């Protein structure tokens, strides 16, 4: 069974409360992220895969993008995080922007 990617479902899956502020923030992200809904349904699986290595898909507070962030201090988890992120981005043709000196990526959009 496939889960439909909409604002409310995404907020719930990413463990955010569904309220006016988070809804507005995610709406801004969807507008700013190229072809967002072409890959959005694949965020559910990515989120689950990242949880296993102490990482998350999160709303960015500084930019209108989703971010993929490792919270781990364990080298093997960070390495696995990077592998999962790269595999996912390659598979679904999603452009990422690496944040310098952090285990964080912004999801910029899907390649046309």
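Quick notes
- Qualifying residue in the range 79-98 (condition: part of a strand (DSSP E or B), touching a helix residue (DSSP H, G or I) at 6+ places or on another chain (Cβ under 7 Å) and under 22 Å from residue 32 (Cα atoms)): yes
- When 67, 63 are checked against the criterion of being assigned to a loop (DSSP other than H, G, I, E, B) and under 21 Å from residue 17 (Cα atoms), 63 stands alone in meeting it.
- Residues (farther than 14 Å from residue 108 by Cβ and at pLDDT 95 or above) located in the range 28-41: 28
- If you go through the range 13-22 and keep only what is in a helix (DSSP H, G or I) and either loosely packed, with under 14 Cβ neighbours inside 10 Å or modelled with pLDDT of 95 or more (or both), you end up with 20, 21, 22.
- Selection status of residue 91, surrounded by 17 or more Cβ atoms within 10 Å (Cβ to Cβ) and more than 16 Å from residue 6 (Cβ to Cβ): no
- Of note, residue 61 satisfies the criterion of being over 20 Å from residue 45 (Cβ atoms) and without any contact (Cβ under 8 Å) to a residue 40 or more places away in the chain.
- Condition check for residue 64: closer than 16 Å to residue 99 by Cβ, surrounded by fewer than 17 Cβ atoms within 10 Å (Cβ to Cβ) and out of contact with any strand residue (DSSP E or B) (no Cβ under 6 Å at 6 or more places or on another chain): yes
The values are calculated or read from the model by the stated rules, or taken from the named source; none is laboratory data. Remember, predicted model here, so these are calculated numbers, not experimental data. No Cβ is skipped: glycine too gets one built from the backbone with ideal geometry, and neighbour counts run over all protein chains shown.
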